[in-house]
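The structure appears right after this line, and notes come after that.
The values are calculated or read from the model by the stated rules, or taken from the named source; none is laboratory data. Because the structure is a prediction, the values reported are computed rather than measured. Don't worry about glycine lacking a Cβ; one is built from the backbone with ideal geometry, like all the others, and counts go over all protein chains shown. Ligands, DNA and RNA are stripped out before the accessible areas are found, and what is left, the full protein with its side chains, is counted by its heavy atoms. Shrake-Rupley method; radii C 1.70, N 1.55, O 1.52, S 1.80 Å.
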Amino acid sequence: MPLIQFRCLSTGPFLMFEETAKDIFKILGERFVERGAWAPESLPDLLEKLETAKAHDKQEAAQRRDLIDKALRGCSYNEEEREKEKALLEAKAAEEARVNLYQRVVPLEDMMRRAIKHGKGIMWEPL
């Protein structure tokens with residue numbers, strides 16, 4: 001899986017899978033290119049879009065967890081319900097192991113905040 005390195009003069013670099021970067025660019029309304037940069041003046045708007053998407057994704061993840069927990073509370077101990085409970089427990093474990101978008105954007109979000117603070121741009125390229 002290809003990696004993308006994000007760099008900024010006000011922070012250290014970090015790596016992200018290209019697939020995740022493409023998802024983030026889609027959220028930002030930007031066309032993904034292998035090499036590029038965001039100018040310092042464009043970062044506040046991009047950060048706002050990223051924070052909005054992050055909050056939405058976090059809310060969706062919480063709703064998924066709540067639905068699973070609610071369904072688990074409704075299970076009884078008869079044989080039919082045990083199969084349902086087993087499937088729900090597997091779904092819960094998968095949800096807990098999942099790395100959500102709101103978690104994946106944290107390094108870029110931090111980099112954007114620091115870049116804005118120092119008036120620097122952000123560059124990226126394949127590694």
- request: May I ask you to say which residue of LEU43, LEU72 is in a helix (DSSP H, G or I) and either modelled with pLDDT of 85 or more or basic (Lys, Arg) (or both)?
  value: LEU43
query: Of the residues that make up segment 45-58, is at least one in contact with a strand residue (DSSP E or B) (Cβ under 9 Å, 6 or more places away or on another chain) and open to solvent by 30 Å² or more (accessible area, probe 1.4 Å)?
result: no
task: Scan segment 1-36 for residues that are touching a residue at least 24 places away in the same chain (Cβ under 8 Å), farther than 19 Å from HIS56 by Cα and assigned to a helix (DSSP H, G or I) and jot them down.
output: GLU18
task: Note down all Cβ pairs under 7 Å where the first residue falls in segment 61-78 and is under 21 Å from LEU101 (Cβ atoms) and open to solvent by less than 100 Å² (accessible area, probe 1.4 Å), the second is in a loop (DSSP other than H, G, I, E, B) and modelled with pLDDT of 80 or more, and they're at least six residues apart or on different chains.
output: ALA61/ASN100
